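K.L.:
Starting off with a structure, shown below.
The values are calculated or read from the model by the stated rules, or taken from the named source; none is laboratory data. Given the structure is predicted, the values throughout are model-derived calculations rather than measurements. Using ideal geometry, Cβ is built from the backbone for each residue, glycine included, and neighbour counts are taken over all protein chains shown.
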Amino acid sequence: MEVKYKNKSVEVWEISKTNEQPDWVKQAFKENYLSWYGDRLKITMMGIKPNTKRNIAIGLKGVLGTFNSFGSVCFMGDIGDFLDITNGRVISKKYFKKHYYIKIDDE
């Protein structure tokens, strides 16, 4: 879904095994950039909808994630968290409700 964060449009997906998945999420699962470990989601962020600026920022923050064997930063998300693919991060539902808002069609 497209939402607003800091007055900019961003794409997010609420992590769930049952809700609707946008095309980019389906593709990320197909390419193994997203994979389930029980009820936790492993996210290889740099491979999903590649964006040079975002990936450099993620690489600089690599200390917060873990590196996989291909040198990509991996994050873990829980069901109910949100994957903000535009900014390359996983956020809690509480943070999402406080700082993000759903766009209205004419915005």
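K.L.:
Taking the condition of being outside any loop (DSSP other than H, G, I, E, B) and farther than 16 Å from residue 95 by Cβ, how many residues in the range 9-40 meet it? Full working, then the answer.
P.N.:
Step one: of the range 9-40, the residues outside any loop (DSSP other than H, G, I, E, B) are 9-14, 23-30, 34-37, 40.
Now narrow it down to the ones that are farther than 16 Å from residue 95 by Cβ: 9, 11, 23-30, 34-37, 40.
Selection size over the range 9-40: 15.
Residue-by-condition table, conditions (1) surrounded by 15 or more Cβ atoms within 10 Å (Cβ to Cβ); (2) within 23 Å of residue 100 (Cα to Cα); (3) at pLDDT below 75:
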residue: 11; (1), (2), (3): yes, yes, no
residue: 18; (1), (2), (3): no, yes, no
residue: 23; (1), (2), (3): no, yes, no
residue: 27; (1), (2), (3): yes, no, no
residue: 38; (1), (2), (3): no, no, no
residue: 43; (1), (2), (3): yes, yes, no
residue: 48; (1), (2), (3): yes, yes, no
residue: 53; (1), (2), (3): no, yes, yes
residue: 60; (1), (2), (3): no, no, yes
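K.L.:
Got a number for residues in the range 69-99 being of a type in the set (Ser, Thr, Tyr), assigned to a loop (DSSP other than H, G, I, E, B) and at pLDDT 95 or above?
P.N.:
Restricting attention to the range 69-99, the residues satisfying the condition of being of a type in the set (Ser, Thr, Tyr) are 69, 72, 86, 92, 95.
When the remaining residues are screened for being assigned to a loop (DSSP other than H, G, I, E, B), the result is 69, 72, 86, 92.
Imposing the further condition that a residue be at pLDDT 95 or above reduces the set to 92.
Matching residues across the range 69-99 total 1.
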